[in-house]
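Comments concern the structure below.
The values are calculated or read from the model by the stated rules, or taken from the named source; none is laboratory data. This structure is a prediction, so every number in the text was calculated from the model and none was measured. Every residue, glycine as well, gets a Cβ built from its backbone with ideal geometry; the counts of neighbours run over all protein chains shown.
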């Protein structure tokens, strides 16, 4: 009876409900996932060109039996942390830091696990002056050809190019109440209806939920969350993510670097092909 009730509740959940859950401040963030999934995490810093972007977390750790590079958007859990990490909106320096360390992971044959949770890349003047668009485009090209396994987990908001820059992977996992879209519902509503109040309708039209994206083939697996969302039981949510990530890493470990790149390229080329 409890299972049937849970299924009915999940079925009634709208895309806008998922948006609100994905943005919940109490939802597990990248550092929570790292602490729950990994041992001996060592964060590394700097792009060796301009700066160290606190909005992009990067470092090596042990995950189950794998030595991995962990990348992720850092939003922060408090207002002070939000401001310090720019609310998870990454500057070009952050994407270049990610690429620098991903190249190191490839060199030593370490898989890469990325945690995606950002409203989008930082759109400020300084970011544009330092080549924001170029950094995102370069990152897409770079990760597409990387000769090591890549597992992506969309944990909260997957916002536009800011998310895509570290979301090119061999397996793309998405938490049940996460969202993933080319634009925010508010931004879409502002463009189509000139009214941000239409955001709930835009969320439905955009097909941004995990269920919709699984049907469209944009993600490979939906990771179930505790009733009420991951923030209700972070420990259980993190355990579910770890199980799926480890399973994906074990599967990908069987493939050669050549097979990884070939299959990843085919996967990317298939996006948008609905027939």
All positions within the stretch 103-123 that are surrounded by fewer than 13 Cβ atoms within 10 Å (Cβ to Cβ) and assigned to a loop (DSSP other than H, G, I, E, B): 108, 109, 123
Please determine whether any residue of the stretch 74-94 is in a strand (DSSP E or B) and either under 19 Å from residue 51 (Cα atoms) or at pLDDT 95 or above (or both). no
Hey, could you check the stretch 38-71 for residues that are closer than 18 Å to residue 244 by Cβ and in contact (Cβ under 8 Å) with a residue 60 or more places away in the chain and say which is surrounded by the most Cβ atoms within 10 Å (Cβ to Cβ)? 71
Residue 211 versus (1) in a loop (DSSP other than H, G, I, E, B); (2) more than 29 Å from residue 97 (Cα to Cα); (3) in contact with a strand residue (DSSP E or B) (Cβ under 8 Å, 6 or more places away or on another chain): which is the lone unmet condition? (1)
Options 168, 172; residue that is within 30 Å of residue 226 (Cβ to Cβ), in contact (Cβ under 8 Å) with a residue 60 or more places away in the chain and either crowded, with 22+ Cβ neighbours inside 10 Å or touching a helix residue (DSSP H, G or I) at 6+ places or on another chain (Cβ under 7 Å) (or both): 168
Do we find a residue being in a loop (DSSP other than H, G, I, E, B), modelled with pLDDT of 95 or more and within 13 Å of the chain's Cα centre (by Cα) anywhere in the stretch 178-193? yes
Residue 233 passes all but one of the listed conditions (1) buried (at least 24 other Cβ atoms within 10 Å of the Cβ); (2) closer than 20 Å to residue 38 by Cα; the exception is number (1)
With respect to the numbered conditions (1) modelled with pLDDT under 95; (2) surrounded by 17 or more Cβ atoms within 10 Å (Cβ to Cβ); (3) not in a helix (DSSP H, G or I), which one is the sole condition not fulfilled by residue 222? (1)
Checking the condition within 19 Å of residue 229 (Cα to Cα), at pLDDT 95 or above and touching a helix residue (DSSP H, G or I) at 6+ places or on another chain (Cβ under 7 Å), which residue from 69, 37 passes? 37
